[in-house]
There are 2 protein chains.
Amino acid sequence: MPQTTTTNRRIVLAEHPTGELTAKTFRMEQAEIPQPVAGQMLLRTLWLSLDPYMRVRINAGPSYRDPVALGSAMVGGTISQVVESRHPGYQAGDLVIGYSGWQDYALSDGNNIDIKLDPAMAHPSWGLGVLGMPGFTAWHGLVNIGEPKAGETFVTAAATGAVGQIAGQLAKARGLRTVGIAGGADKCRYAVEALGFDACVDHRAADLPGELQKACLGGIDIYFENVGGAVFDAVLPLLNPHARMPVCGLIAHYNGGGASGDRLPLMFATLLKRLKMQGFIIYDHYPSHYADFFQAMSGLLAQGAIQVREDVIGSLEEAPEGLVSLLAGRNFGKVVVKVA
Amino acid sequence: MPQTTTTNRRIVLAEHPTGELTAKTFRMEQAEIPQPVAGQMLLRTLWLSLDPYMRVRINAGPSYRDPVALGSAMVGGTISQVVESRHPGYQAGDLVIGYSGWQDYALSDGNNIDIKLDPAMAHPSWGLGVLGMPGFTAWHGLVNIGEPKAGETFVTAAATGAVGQIAGQLAKARGLRTVGIAGGADKCRYAVEALGFDACVDHRAADLPGELQKACLGGIDIYFENVGGAVFDAVLPLLNPHARMPVCGLIAHYNGGGASGDRLPLMFATLLKRLKMQGFIIYDHYPSHYADFFQAMSGLLAQGAIQVREDVIGSLEEAPEGLVSLLAGRNFGKVVVKVA
């Protein structure tokens with residue numbers, strides 16, 4: 001049944017899936033087209049976006065937002081046309097990126113509209129991809145978290161997917177060597193020939209770690225993490241010192257599959273809580289910042305603003321024993337050995 | 001045997017330990033005092049620093065630097081006095097922070113000297129603690145990775161240790177609520193009474209996760225990771241959205257103990273390779289940056305600089321099936337549903 005001007009088709013969440021989606025997860029309903037009140041507008045859906053995050057939102061438990069309620073229209077980003085407006089900022093015919101979900105019509109008060117599009121634009125659906133959430137994800141993850149530098153090696157999984165295809169092209173344009181990971185020969189060929197990746201590895205290869213290593217002989221400086229699982233297992237040993245990993249998805253695990261160890265809770269927390277975990281070795285920062293630190297800390301000590309507790313070991317001979325105690329947590333304060 | 005002016009006592013690495021250190025790990029030797037050539041100086045060790053990283057450096061395998069060689073003097077930060085100088089930048093009597101290691105005397109060409117200290121300073125050993133590597137570690141990790149904000153909750157393990165005692169005081173001075181974790185009642189009392197922590201939890205408590213939760217009812221915004229293991233298990237569920245975790249050590253695992261799952265390799269890689277892993281959800285960034293992104297990306301598309309691949313699903317009815325395919329990786333490009 002196609003879209004009509006008399007009925008609102010809605011696909012609602014019928015049950016929370018526990019693993020893969022089934023025919024019972026969603027159901028189609030017919031409803032009346034709602035009427036806008038003052039301050040609202042009626043939107044007609046032209047395009048609906050499907051994205052991996054949707055799997056997380058229909059779990060029964062909370063993710064980064066409340067779960068979609070049973071019987072509610074499924075959530076989703078949409079390109080819509082304003083049919084009727086009682087909102088001062090919009091008029092009939094306007095084209096917008098919004099969040100009407102899986103239905104033909106929805107009301108909006110304007111708060112959930114990302115942007116107005118040119119009604120004459122050639123590809124309105126791009127507002128759900130390259131110009132919308134996935135494109136913005138690729139951009140922000142690469143630029144603001146990935147900190148790309150020309151000459152580095154960039155790797156993304158799902159290289160032909162909504163995010164990967166944009167992230168790879170943006171990285172290439174900034175002078176990075178780009179290596180994609182994708183499922184199957186067709187996608188890998190497309191990644192190289194059309195998207196400009198320098199190489200693309202099939203994640204179904206019998207020896208994914210070996211294939212990826214051959215494609216990344218200089219190691220990996222940025223890994224755009226959107227899948228997790230076996231792909232991340234293959235990536236981890238290849239990461240270079242100071243590598244950056246924007247984490248925007250873990251699709252390998254959304255249906256409950258994949259790793260069962262203690263890494264997965266950390267990865268999900270990193271994603272859903274937007275954690276930043278960063279290792280550092282302070283010697284890297286001596287040339288640039290130690291003198292400044294020394295001066296500032298000397299000032300605090302002179303003011304009596306910092307208390308210092310030392311655990312003094314009385315002779316060089318006792319140093320080995322002192323190290324054993326330190327590793328066992330038996331020291332109380334900074335351990336120093338009085339040698340002279 | 002005390003330090004003399006005629007012999008150089010050296011503690012050398014005798015064997016690479018596989019777990020805890022033993023009496024055979026190190027041995028003491030006597031050697032001649034070396035003579036500086038032009039451009040060098042002879043340093044006499046006054047103070048030697050003992051630090052957890054030393055355990056990692058004496059493993060047989062590489063860590064972030066090459067392992068200490070068998071028969072070599074053990075490495076370590078030192079406060080030394082210049083005994084004789086043939087280096088134009090130093091003269092006899094100068095006090096320096098350097099890396100002479102576990103011995104009475106060492107030569108230096110000046111390259112491994114962090115800074116000159118005031119020879120009259122009251123506590124030269126502070127150059128190995130609050131004014132040296134641990135203090136700088138606390139400062140950099142807190143300020144540059146932790147991004148502290150007043151009112152947030154800061155947690156550090158090893159709260160009375162070399163790094164924790166400084167990080168906690170610096171965080172407190174910036175208006176954060178500070179919660180320490182330490183081993184035993186004495187250290188916990190000291191952390192609160194002398195170091196100014198708002199609370200301190202004993203990691204030997206029967207219910208560490210519960211005790212930590214009670215001390216962090218508003219969750220944790222910065223966790224200064226220096227131990228790993230069971231402490232991190234207790235911290236992880238309490239991390240707030242957007243929490244930051246500077247990782248400067250994993251002492252719980254240095255002797256080979258602790259977790260055996262797949263999280264530990266990631267944590268060690270984070271530390272030794274200085275990785276940055278950061279989760280993000282792009283919706284957070286719409287208010288501040290989406291309009292800029294949209295304009296920039298529209299320009300790239302207008303130039304033909306970005307290729308776009310869509311996978312178009314022809315009707316709203318097919319959306320559920322489309323989501324199943326997407327989660328299975330059967331899509332080829334950005335998935336959009338043509339609703340109208």
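Readers should treat all values here as calculations from the given coordinates under stated rules, not as data from a laboratory. These numbers come from a predicted model, not from an experiment. Note that we place each Cβ from the backbone using ideal geometry, even for glycine, and neighbour counts take in every protein chain shown.
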Ordering B:30-36, A:191-197 by per-residue average of other C-beta atoms within 10 angstrom, highest first, gives A:191-197, B:30-36
Report the net charge of residues surrounding residue A:125, where surrounding means a beta-carbon distance below 10 angstrom and charges are Lys +1, Arg +1, Asp -1, Glu -1. +1
Considering the dipole of region A:283-337 built from charges on the beta carbon (Lys and Arg +1, Asp and Glu -1) around the Cα centre, which of A:290, A:316, A:301 is farthest to its positive end? A:301
Give me the percent relative contact order of region A:283-337, please, defined on Cα pairs under 8 angstrom at least 6 residues apart. 36
Cα gyration tensor of the protein assembly as shown, axes a ≥ b ≥ c as square roots of the eigenvalues: rounded (a/c below 1.5), prolate (a/b > b/c) or oblate? prolate
Cut-off 13 Å between beta-carbons: net charge of the residues surrounding residue A:265, Lys and Arg +1, Asp and Glu -1: 0
Summing +1 per Lys or Arg and -1 per Asp or Glu among the other residues with Cβ less than 12 Å from residue A:340's Cβ gives +2
Would you work out the Kirkwood radius for region A:146-205? I mean one over the mean of 1/r across all pairs of different Cα atoms, in Å. 10.9
When the dipole is taken about the Cα centre of region B:1-130, and only Lys, Arg (+1) and Asp, Glu (-1) are charged at their Cβ, what size is it in debye, to the nearest 20? 180
Charges at C-beta only: +1 for Lys and Arg, -1 for Asp and Glu. How large is the resulting dipole of chain B about its Cα centre, in Debye rounded to 20? 400
Taking every residue of B:137-144, the Cβ atoms of other protein chains inside 10 Å of its Cβ average out to 4
Search the structure for amide H atoms under 5 Å from the amide H of residue A:220, placed 1.01 Å from N in the peptide plane, and list their residues when 5 or more places away or on another chain. A:239, A:240
Phi to ³J(HN,Hα) by Karplus 6.51 cos²θ - 1.76 cosθ + 1.60 over region B:306-323, Hz, x for Gly, Pro: 10, 8, 10, 10, 10, 10, 8, 9, x, 7, 4, 4, 8, 4, x, 4, x, 5
Zone of residue A:92's modelled label, taken as backbone nitrogen in region A:14-45 under 14 Å from a point 7 Å along Cα→Cβ: A:36, A:41-44
Return the sequence-ordered ³J(HN,Hα) values of region A:282-291 in whole Hz as given by the Karplus equation 6.51 cos²θ - 1.76 cosθ + 1.60 applied to θ = phi - 60°, using x for Gly and Pro. 5, 4, 4, 9, 4, x, 8, 9, 5, 4
Cα-projected label distance for residue B:37 with residue B:312, points at 7 Å along beta-carbon direction, nm: 7.6
Cα-based reach from residue A:338 at 12 Å (exclusive), listing aspartates and glutamates while leaving out same-chain residues under 8 positions away: A:310, A:311, A:317, A:318, B:104
Determine ³J(HN,Hα), in whole Hz, for all residues of region B:54-60 in sequence, where each value follows from phi through the Karplus function 6.51 cos²θ - 1.76 cosθ + 1.60 and θ = phi - 60°; x replaces Gly and Pro. 4, 4, 6, 5, 9, 5, 5
Using only Cα atoms, find the angle between the long axis of helix B:263-272 and the longest principal axis of chain B, and express it within 0 to 90 degrees, rounded to the nearest 10. 60
Cross-link reach from residue A:149 to lysines, straight Cα distance under 28 Å and at least 8 residues apart if same chain, gives A:172, A:187, A:214, A:273, A:276, B:273, B:276, B:334
Within 10 Å of each Cβ in peptide A:310-316, how many partner chain Cβ atoms are there on average? Round it to a whole number, please. 5
Per the helix-only model, chain B has a calculated mean residue ellipticity at 222 nm (DSSP H runs of ≥4, -39500 (n - 2.57) each, divided over all residues, rounded to the nearest 500) of -7000 deg cm²/dmol
When only Cα pairs under 8 Å and 6 or more residues apart are kept, what is the percent relative contact order across chain A? 11
Cysteines of chain B without any disulfide-compatible partner (other Cys Cβ under 4.7 Å) are B:216, B:248
Give the aspartates and glutamates reachable from residue B:116 as a straight Cα distance under 17 Å; neighbours fewer than 8 places away on the same chain don't count. A:292, B:84, B:94
For region B:8-128, the spread of Cα positions along each principal axis, largest first, Å: 43, 29, 24
Against the 2.2 N^0.38 Å scaling, with N counting residues, where does chain A land? I'd like the Cα-based Rg ratio to two decimal places. 1.33
The size of the Cβ-based charge dipole (Lys, Arg +1; Asp, Glu -1) of region B:283-337 about the Cα centre, to the nearest 20 debye, is 200
Taking Cα atoms, the helix B:164-173 axis meets the longest principal axis of chain B at an angle in degrees (rounded to 10) of 60
Going by a ≥ b ≥ c, the root eigenvalues of the Cα gyration tensor, does region A:299-340 fall in the rounded group (a/c under 1.5), the prolate group (a/b larger than b/c) or the oblate group? oblate
In peptide A:281-287, how many Cβ atoms from other protein chains are near each Cβ within 10 Å, on average? 6
How long are the semi-axes of the equivalent ellipsoid of region A:133-272, defined as square roots of 5 times the Cα gyration tensor eigenvalues? Whole Å, largest first. 20, 17, 15
